[in-house]
Amino acid sequence: MAADTIDLEGIAERARNELDAATDEAALEAWRVTHLGRKGTVTGVLRQLGELEIEERQRIGAEANQLKNELGAALDVKLAGLKAAKLAATMQEGRIDVTLPARKKRVGRLHPITQTMREIVDIFVSMGFAVAEGPEVETDYYNFEALLMDRDHPARDMQDTLYIDYDRDGTYPFMMRTHTSPNQVRFMEQHQPPVRVIVPGKCYRNEATDPTHEWMLTQVEVLAVDEGLSMADLKGTLFEFAKRLFGQKRRARFRCDYFPYVEPGVDMAIDCFICGGEGCRTCHQEGWIEIMGAGMVHPQILSNMGYDAERVTGFAAGMGMERIAMLRHGVEDIRHFYRNDLRFLEQF
Ligand code: FA5
């Protein structure tokens, strides 16, 4: 084979031009295969060397190897340039302006009703009460009947609720409990006197809402059964509770009230924090805001639980936590608590 059939100059020129024109990594790889690959142009020349005369072989061999090295180095330079450009572009896209002020981390907090609940629980625990829980979905028996409210009892009208479905024998519907009082019965069924327990939890009523009435409310039930408990213990316990929670300045009031499961029954109110007892929209012009119902446990219930009603007596109370939180924090409308407006909630 003659040396003049090998156009090393032409190959070099074409390779240099094509390398200049390649703009991405895929094009560079194609270029490498075309010129430096196993079947590439430069490799082809090297492969043909054996067919040449010795002198030609040495000369062309040296030139071809030099070209191979030159092109390989040029390829490395070009590749490094492309990589650097790519990195610069990525950094530009994802660049962070370190002069911007950092985003503030929002720290969560407990809902005001949860805070109030914890304060109330702490006070009763410090007075020797245990804490229990009960179901929010109740049976007619526990919510009404066991508390001496038969099916036709007018006291049921005060606590209309949301009904769920009928129980197994299809007679009575399950319901969302209207108060925490079913837990008096549930607890007494399981425990013998002396009893000192509180039961906090959510309750539900079919209410036309207004500044002091919500359809979902939180109550704490209080129950004590022992020998010799009297109305004086009830009053002493609840007034002491009110003092610890509201401070000495707030006034508390007991009035006769009727609940079928206590005898006698009372409601306890605190003087209105908005008007100081003058009468306003929040207290319905009464000057007082009722926070709980209470009374001496009806002896019939004690006997139904298998207790000796001649020997033991008991007192019970059920308080509304939203009303108490309103009094504590000067909130004039109960509906703020569950509107989930952060401007309100962040104040607590
Ligand atoms: C009862 O629920 C009785 N179970 C309380 C009781 C327990 C009496 C033990 C005797 C013995 P009443 O319906 O009054 O009673 O509710 C008690 C308290 O829950 C009220 O004083 C009030 O603070 C709160 N409450 C009642 N209904 C609502 C409502 N719709 N929205 C907000 N708070 C309410």
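Results, tabulated for the structure shown:
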{"quantity": "The stretch 269-295: number of residues that are within 30 Å of residue 145 (Cβ to Cβ) and either in contact (Cβ under 8 Å) with a residue 60 or more places away in the chain or touching a Phe, Trp or Tyr at 6+ places or on another chain (Cβ under 6 Å) (or both)", "calculated": "4"}
{"quantity": "Within the stretch 225-251, considering residues that are among the charged types (D, E, K, R) and exposed (fewer than 11 other Cβ atoms within 10 Å of the Cβ), the one farthest from the chain's Cα centre (by Cα)", "calculated": "227"}
{"quantity": "Single condition residue 193 does not satisfy, out of (1) touching a residue at least 40 places away in the same chain (Cβ under 8 Å); (2) part of a loop (DSSP other than H, G, I, E, B); (3) near the ligand (Cβ under 9 Å from one of its atoms)", "calculated": "(3)"}
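Each reported figure results from applying straightforward, stated rules to the coordinates on display, with no laboratory input. Just so it is clear, the model here is predicted, and its values are computed rather than measured. In this analysis, Cβ positions are derived from the backbone assuming ideal geometry, glycine residues included, and neighbour counts consider all displayed protein chains.
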